[in-house]
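What follows is a short report on a single structure.
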2 protein chains.
Amino acid sequence: MPQKTIICTVDVVLLCLRGSTLHVALWRRDRPPFEGSLALPGGYIHSEEDVDTLDAATRMLRAKTGLESPYLEQLGTFSGAGRDPRGWSISIAYYALVPVELIEADQAPGLILMPVDQLKGLPFDHKDIVLAAVQRLRNKSSYSSLPVHLCGERFTLPRLQAVYEAILGEPINKVSFRRKMDEFDMLEPVEGAFETGRANRPAQLYRLKAAYRQSLSVTPRAFLAGS
Amino acid sequence: MPQKTIICTVDVVLLCLRGSTLHVALWRRDRPPFEGSLALPGGYIHSEEDVDTLDAATRMLRAKTGLESPYLEQLGTFSGAGRDPRGWSISIAYYALVPVELIEADQAPGLILMPVDQLKGLPFDHKDIVLAAVQRLRNKSSYSSLPVHLCGERFTLPRLQAVYEAILGEPINKVSFRRKMDEFDMLEPVEGAFETGRANRPAQLYRLKAAYRQSLSVTPRAFLAGS
DNA sequence: ATTTATTAGTTGCATTGTGTTACTAAGTTA
DNA sequence: TAACTTAGTAACACAATGCAACTAATAAAT
């Protein structure tokens, strides 16, 4: 006796920072259930073409946004009888980080950005999934270099600090922050490139070192441990 | 058009520390595929009785080990066409931590403990899953109180330190370790209880404070952050 | 031109946290 | 009672972090 059929989908929480507010990208569902509602982009696995669920998430992201290789990581699997009106279901959720410009540069016409603190009326348990993604982002941001994936290709250190502060919701000491970024050793200054157009000293532009361009982030050495 | 049927199971990586070696609990499969092989305990979701996959994992653990409330956490979902001879499949994996005595006290007659560094011939991608669980345990142990769940109800600080060292694979400074445990503030001495039977000064026995008896662990304050 | 305002980036110091060494404590064994 | 062993603590050196005050470089105002 094999199993009863279980509804099994992959959903993607696409996060970006507009100004200093975290947003999720939602799209309008074009089929039941909840046809017409705003929800997380997602869908069924295509077992003929998807190598695995990561591949399925990548495919959905590409289809809805045109993005080729954003930061993308499995978030977790959400399950139960209450989340889908059709019955017991599971969703394998991923979360992605992208610079907001890539979404606003209408490569992604169908997507709507919503502040993650004002979600209401999302179908399924999509609100829980978004909140789990935000929590994961906040947690990882407190000790790693993850937030760089919310910046574009070139950015200044003050901007990156502002990104951290927006995510963590509290101010960070400037000197400590710069020391930490230096210690991560993942950034390099763009020779002779500065941020222009402001009424003050121009800030140096940085970019990720080549080794970190893909879905990577840096974590400092552990707390415990020692000789 | 709904989806093709996908094989969907829940598997549990039950870890414990025997001496100073991490072990996984395996059981002999009683049905195809791989009938008779040692594999992770797992099985199909019972969508009529399982509230969600965590509930399914709890049920499987209870059925195979009698354990009621060990530390249990979702590890991740593993998927693809290559992992099951029957076709494209997914497994939602959980990992659990228990004191080794609870397994050896033959409450769990069918289980066999294998050192996690000597796994071979496991079916499906169960070796990958175990290694992912071990990696997660090592990582979390480097900054949290997670390893207490591998100790019994009462334990000494030298024993707990040995547990950390076994997991992390390197020695820890005694003074720093005790300071950190003190900072976690999750342990309390058992009044007047000491470890006996050794040819030296007896060590104070500790237990988890009530608030931490369940599946919890303590994480210190973040790296970045500060006014 | 010169001054003012504003933000970038650095330097030095105070404070805190961590690792090391050496001690005292409390038991067993010879 | 002396020797041995491990538990637990104290004192100090050193490293990491946070803070405040500085210099640097630009645009805007005077």
B:LEU146 meets each of (1) within 14 Å of another protein chain (Cβ to nearest Cβ); (2) within 13 Å of DNA strand D (Cβ to nearest atom); (3) open to solvent by less than 80 Å² (accessible area, probe 1.4 Å) with one exception, condition (2)
Of the residues in the range A:127-143 that are of a type outside the set (A, V, I, L, M, F, W, C) and assigned to a helix (DSSP H, G or I), the one that is least open to solvent (accessible area, probe 1.4 Å) is A:SER141
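Name every residue in the range B:176-196 that is near DNA strand C (Cβ under 8 Å from one of its atoms) and open to solvent by 80 Å² or more (accessible area, probe 1.4 Å), in order of residue number. I'd like the intermediate steps shown before the answer.
From the range B:176-196, those near DNA strand C (Cβ under 8 Å from one of its atoms) are B:176-177, B:179-180, B:183, B:194, B:196; that's our starting set.
Hits for the range B:176-196 are B:ARG179, B:GLU183, B:PHE194, B:THR196.
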For B:GLY87, work out the one condition from (1) at pLDDT 95 or above; (2) within 24 Å of A:THR9 (Cβ to Cβ) it doesn't fulfil. (1)
Of all the strands (runs of 3 or more DSSP E) wholly in the range B:31-107, which have at least 1 residues that are open to solvent by less than 30 Å² (accessible area, probe 1.4 Å) and away from every other protein chain (no Cβ under 14 Å)? B:71-80, B:89-97
Cβ-Cβ below 9 Å, separation at least six or inter-chain, first residue in the range B:190-210 and within 14 Å of chain A (Cβ to nearest Cβ), second open to solvent by 70 Å² or more (accessible area, probe 1.4 Å) and more than 6 Å from DNA strand D (Cβ to nearest atom): which pairs? none
Which condition from (1) within 30 Å of A:THR219 (Cα to Cα); (2) out of contact with any helix residue (DSSP H, G or I) (no Cβ under 9 Å at 6 or more places or on another chain); (3) assigned by TED's automatic domain parsing to the domain that holds B:GLY36; (4) not small (Gly, Ala, Ser) is the one that B:GLN74 breaks? (2)
Failed condition for A:TYR206, given (1) within 15 Å of DNA strand D (Cβ to nearest atom); (2) over 24 Å from A:ARG136 (Cβ atoms): (1)
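Can you name the residue in the range B:153-185 that is away from DNA strand D (no atom under 16 Å from the Cβ) and in contact (Cβ under 8 Å) with a residue 40 or more places away in the chain and, of all such residues, is farthest from B:ARG198 (Cα to Cα)?
Pass one, the range B:153-185, residues away from DNA strand D (no atom under 16 Å from the Cβ): B:153, B:167-170.
Next, from what is left, pick out any that are in contact (Cβ under 8 Å) with a residue 40 or more places away in the chain: B:153, B:167.
Details: B:GLU153: 20, B:ILE167: 24 Å.
Step by step, filter the range B:153-185, then rank; the result is B:ILE167.
Could you please find all residues in the range B:149-175 being within 16 Å of DNA strand C (Cβ to nearest atom), part of a loop (DSSP other than H, G, I, E, B) and open to solvent by 30 Å² or more (accessible area, probe 1.4 Å)?
First, pick out the residues of the range B:149-175 that are within 16 Å of DNA strand C (Cβ to nearest atom): B:156-158, B:160-161, B:164-165, B:168-175.
Checking the rest, the ones that are also part of a loop (DSSP other than H, G, I, E, B) come to B:169-173.
B:GLY169, B:GLU170, B:PRO171, B:ASN173 - these are the residues of the range B:149-175 that are within 16 Å of DNA strand C (Cβ to nearest atom), part of a loop (DSSP other than H, G, I, E, B) and open to solvent by 30 Å² or more (accessible area, probe 1.4 Å).
The values are calculated or read from the model by the stated rules, or taken from the named source; none is laboratory data. No experiment lies behind these values; they were computed from the predicted model shown. Using ideal geometry, Cβ is built from the backbone for each residue, glycine included, and neighbour counts are taken over all protein chains shown. In case anyone asks, the SASA skips ligands and DNA or RNA and just uses the protein heavy atoms, side chains included. Shrake-Rupley method; radii C 1.70, N 1.55, O 1.52, S 1.80 Å.
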